[in-house]
Amino acid sequence: MSLKESHNHILIADSSPFFLRNITMLLQREGYEVSIAKDGRELLSLAIVRMPDLIMVDTALPDTTGKAICQVLRRNASTENIPTILTINDGDNVTEKDPALSGIQFLSKPLQTNTLVLTLMQMLYPSPQINQEITLLSGDRSVSWKTFVLRQIGQQRLLLQQDEWPAELAMAFQNGRKCALEYVAQDRARIEYAASIGNDLKEGLELRLDGPVKRTQQRQFFRKAVQVNVRYRFPGEFYRVTHTLDLSGGGAKLAEVPCNLGIGSEFEMILLLPEKKFTLNARIQWQRPLCHEKQEVGVIFTEIAPSEQEEIVMFLFGGLGQISPA
């Protein structure tokens, strides 16, 4: 099963340039995209803005601890489901029994290549659980079938619940036919395996996981209820004034704009943060009527530079308090 087609994004924070260089080379050979953070604050910024598929953080960083980073990640809706590895050194005062680190994977340094590769595989591409609902798609994706996993048969085979099939399913999922398996992992990522139909056993239907496998992470911008002044105008009009009800790196909810503006309307808006302003292009995604010919609208930013997005997110994130050093 090849990972080189997946290009999943791994974000790493470590204080050792030697470790960062070696781990980056290893992961890139395995087909991963790698981003590096020099400290905890940069890691949090990159995690929120770029939404990696997995985070690897050392226990000791220049400005904080790996434990503190893991706690902050788990407190925020946009990052709480990102699989996270905490790398530990001899003498580090951390333990997997710590309830604050529940759900975090521990790996001891020096990292063993085979152990790391296997751990990444298990975290990014977990097998479906017993009794989990899955979907099979025929080779041409014209036929789909929802069923449940009864049990695993070895490493690369599953036994699926099989009730009485209509003729359409019996034809689409014959022994040896190529198909696709889709399911949602615990971290809400969508997993898709290339597979093939195996033997029709007494207990159920055998499915072979041939690979390759694809992972699609659900993206969610960090969003916060905050009031920020906004000036906006539509083509050929003067600027008007309103404010945000909430804000993220990808859009905002605006208060009290005219009801004659509909979904899909595009406009220019100036976001007036305390120390900086951003001129952005936006489009209305949804609307909720209010009284007096006004409405609330949800907008997305159609053009925004990554650096501007990062600054907005860090403005929002800064209101959550300082990162604890312990």
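The values are calculated or read from the model by the stated rules, or taken from the named source; none is laboratory data. From a predicted model like this one, the values you see are computed outputs, not experimental measurements. Cβ coordinates were reconstructed from backbone atoms using ideal geometry, including for glycine residues, and neighbour counts include every protein chain displayed.
Within segment 163-183, does at least one residue satisfy the condition of being within 30 Å of Phe301 (Cβ to Cβ) and under 22 Å from the mean Cα position of the chain (by Cα)? Spell out how you get there, then give the answer.
Taking segment 163-183 as the starting set, the residues that turn out to be within 30 Å of Phe301 (Cβ to Cβ) are none.
No: zero hits.
Limited to segment 144-167, what total is found for residues that are in contact (Cβ under 8 Å) with a residue 12 or more places away in the chain and either within 19 Å of Arg190 (Cα to Cα) or outside any loop (DSSP other than H, G, I, E, B) (or both)?
Summing the residues that are in contact (Cβ under 8 Å) with a residue 12 or more places away in the chain and either within 19 Å of Arg190 (Cα to Cα) or outside any loop (DSSP other than H, G, I, E, B) (or both) in segment 144-167 gives 13.
Would you mention how many residues in segment 9-22 are surrounded by fewer than 21 Cβ atoms within 10 Å (Cβ to Cβ) and either in contact with a strand residue (DSSP E or B) (Cβ under 6 Å, 6 or more places away or on another chain) or not polar (S, T, N, Q) (or both)? Walk me through it before giving the result.
Of the residues in segment 9-22, the ones surrounded by fewer than 21 Cβ atoms within 10 Å (Cβ to Cβ) are 9, 15-22.
Retained after the next criterion (residues that are either in contact with a strand residue (DSSP E or B) (Cβ under 6 Å, 6 or more places away or on another chain) or not polar (S, T, N, Q) (or both)): 9, 17-21.
Residues meeting the conditions: 6.
Under 18 Å from Ser108 (Cα atoms) and hydroxyl-bearing (Ser, Thr, Tyr): is that true of Thr79 in this structure? Give the derivation first.
Working: under 18 Å from Ser108 (Cα atoms): no; hydroxyl-bearing (Ser, Thr, Tyr): yes.
Here the answer is no, as Thr79 does not meet what is asked.
Only one of these is in contact (Cβ under 8 Å) with a residue 24 or more places away in the chain, in a helix (DSSP H, G or I) and closer than 28 Å to Gly250 by Cα: Ile10, Ile85, Ile69, Ile55. Name it. Quick ask: steps written out before the conclusion?
Details: Ile10 fails: in a helix (DSSP H, G or I); Ile85 fails: in a helix (DSSP H, G or I); Ile55 fails: in a helix (DSSP H, G or I).
The conditions single out Ile69.
Of all residues in segment 104-128, how many are part of a loop (DSSP other than H, G, I, E, B) and among the aliphatic types (A, V, I, L, M)? Working first, answer last.
From segment 104-128, those part of a loop (DSSP other than H, G, I, E, B) are 104, 109-112, 125-128; that's our starting set.
Right, trim to among the aliphatic types (A, V, I, L, M) and you get 104, 111.
Of the residues in that region, 2 qualify.
Residue under question is Val117, and the condition is that it be surrounded by fewer than 17 Cβ atoms within 10 Å (Cβ to Cβ), of a type in the set (A, V, I, L, M), modelled with pLDDT of 85 or more and more than 25 Å from the chain's Cα centre (by Cα); does it hold? Let's see the steps before the verdict.
Details: surrounded by fewer than 17 Cβ atoms within 10 Å (Cβ to Cβ): yes; of a type in the set (A, V, I, L, M): yes; modelled with pLDDT of 85 or more: yes; more than 25 Å from the chain's Cα centre (by Cα): no.
Considered against the rule, which asks whether it is surrounded by fewer than 17 Cβ atoms within 10 Å (Cβ to Cβ), of a type in the set (A, V, I, L, M), modelled with pLDDT of 85 or more and more than 25 Å from the chain's Cα centre (by Cα), Val117 comes out as no.
Could you run through segment 15-38 and say how many residues are within 21 Å of the chain's Cα centre (by Cα), part of a loop (DSSP other than H, G, I, E, B) and at negative phi?
Taking segment 15-38 first, the residues within 21 Å of the chain's Cα centre (by Cα) are 24, 27-28, 30-37.
Filter once more, keeping what is part of a loop (DSSP other than H, G, I, E, B): 30-32.
So of that shortlist, the ones also at negative phi come out as 30, 32.
Total satisfying the criteria: 2.
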